[in-house]
1. Please rank CYS228, CYS32, fewest neighbouring Cβ atoms within 10 Å first, as an exposure proxy.
2. How big is the antiparallel share of DSSP beta bridges in the stretch 3-252, given as a percent to the nearest 5?
3. Give the order of SER197, SER252 when sorted by the count of other beta carbons within 10 angstrom, beginning with the fewest.
4. Ratio of Rg to Rh for the stretch 59-178, alpha carbon only, Kirkwood?
5. How large is the dipole of the stretch 49-143 about the Cα centre if only Lys and Arg carry +1 and Asp and Glu carry -1, each at its Cβ, rounded to the nearest 20 debye?
6. I want to check a number: in the stretch 85-225, how many lysine pairs have alpha carbons closer than 22 Å, given a sequence separation of 8 or more or different chains?
7. If you take the C-alpha gyration tensor of the chain, multiply each eigenvalue by 5 and take the square root, what semi-axes do you get, largest first, in whole Å?
8. At q = 0.11, 0.19, 0.20 Å⁻¹, what base-10 log of I(q)/I(0) does the Debye formula yield for the stretch 123-222 when every alpha carbon is treated as an equal point scatterer in vacuo?
Amino acid sequence: LTLMGDLRRAIDRNELLLYYQPKVEIASNRVCGTEALVRWRHPQHGMLPPDEFVRLAENTGLITPLTLWVLDTALGQRYAWHEEGDERPISVNLSAHDLRDPRLLERIQGSFATWGAKPHWIEFELTESALMEDPVASMQTLSALKELDAHLTIDDFGTGYSSLAYLQKLPVDSLKIDQSFVTRMTSNDGSAKIVRSIIELAHNLDLTVVAEGVEDQLTLNQLGQFGCDIVQGYRISQPIPAEQFRDWEVRST
Ligand code: G
Ligand code: G
Ligand code: MN
Ligand code: NA
């Protein structure tokens with residue numbers, strides 16, 4: 001299997017595509033944005049989920065081209081939605097390696113300039129563990145992104161060993177609770193307590209809090225009672241192609 005050589009070509013050959021997973025604000029019950037999640041339609045192996053190639057891209061220096069492809073494609077979609085009068089942000093995932101790439105900022109700025117994009121068009125998600133691989137470099141990159149007025153989210157929060165002192169200093173806007181806690185919260189009291197604590201911590205730090213991996217109504221209700229701001233997960237919608245987004249939204253609201 002030569003996935004690596006394939007991946008290099010996949011970017012040029014249009015084999016990658018983005019799915020979008022809606023995020024819903026609990027208070028208004030409205031879609032407040034989407035997360036872009038990459039897929040690879042491989043000519044032999046079929047549709048590959050990101051778990052199978054994002055790590056590979058990170059280990060082979062292909063992550064920066066991949067990230068920039070994702071950003072540029074999300075910006076193209078965002079531009080189209082802007083033309084339709086839709087101003088809701090698309091979230092894009094950055095990897096640990098991206099945070100250490102000194103040219104990333106310039107590339108991001110270049111991509112934004114190409115599309116005439118406004119800062120609020122895209123939000124960036126960075127996992128807590130990626131940040132902790134190099135806390136100093138991460139702080140610098142996040143500060144620089146913040147200077148561009150970007151909205152920043154810490155992804156998979158609760159699994160990455162950041163200290164509260166570090167968290168307080170990070171220029172982020174929201175925390176996304178790791179889905180391992182969310183999927184278990186109605187069956188496991190410990191997970192429910194962690195979810196409630198993260199929501200309280202986030203609000204005490206003036207951060208918005210997102211729960212991902214929301215799979216059923218009971219979990220959704222409990223998150224509402226705990227004061228969670230935004231939810232994402234199969235209970236709302238799986239990640240879907242952009243062309244299906246409008247129909248899905250009309251059907252579900
Ligand atoms: O879409 P799915 O739930 O299968 O995604 C699996 C993992 O891959 C998630 O952790 C998600 O954050 C990650 N992922 C999806 N798209 C991207 C991307 O464009 N860049 C990076 N770095 N990670 C992504
Ligand atoms: O970037 P992040 O790791 O947060 O990406 C979210 C991942 O979780 C994607 O791979 C997405 O397809 C997946 N996912 C989204 N909603 C749910 C859900 O409700 N349950 C589970 N088990 N996985 C989900
Ligand atoms: Mn994410
Ligand atoms: Na996540």
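Derivation of every value follows stated rules applied to the coordinates shown; laboratory data play no part. For clarity, every value in this text was computed on a predicted model and none was experimentally measured. Backbone-built Cβ (ideal geometry, glycine too); neighbour counts: all protein chains shown.
1. Placing the least packed residue first, the sequence is CYS32, CYS228.
2. So the antiparallel bridges amount to about 45 percent of the total.
3. Listed from fewest to most nearby Cβ atoms, that is SER252, SER197.
4. On the Cα set of the stretch 59-178, Rg over Rh gives 0.96.
5. The calculated dipole for the stretch 49-143 is roughly 260 debye.
6. The result is 4.
7. Equivalent-ellipsoid dimensions as semi-axes: 27, 22, 19 Å.
8. Debye intensities relative to I(0), on a log10 scale: -0.32, -0.89, -0.96.
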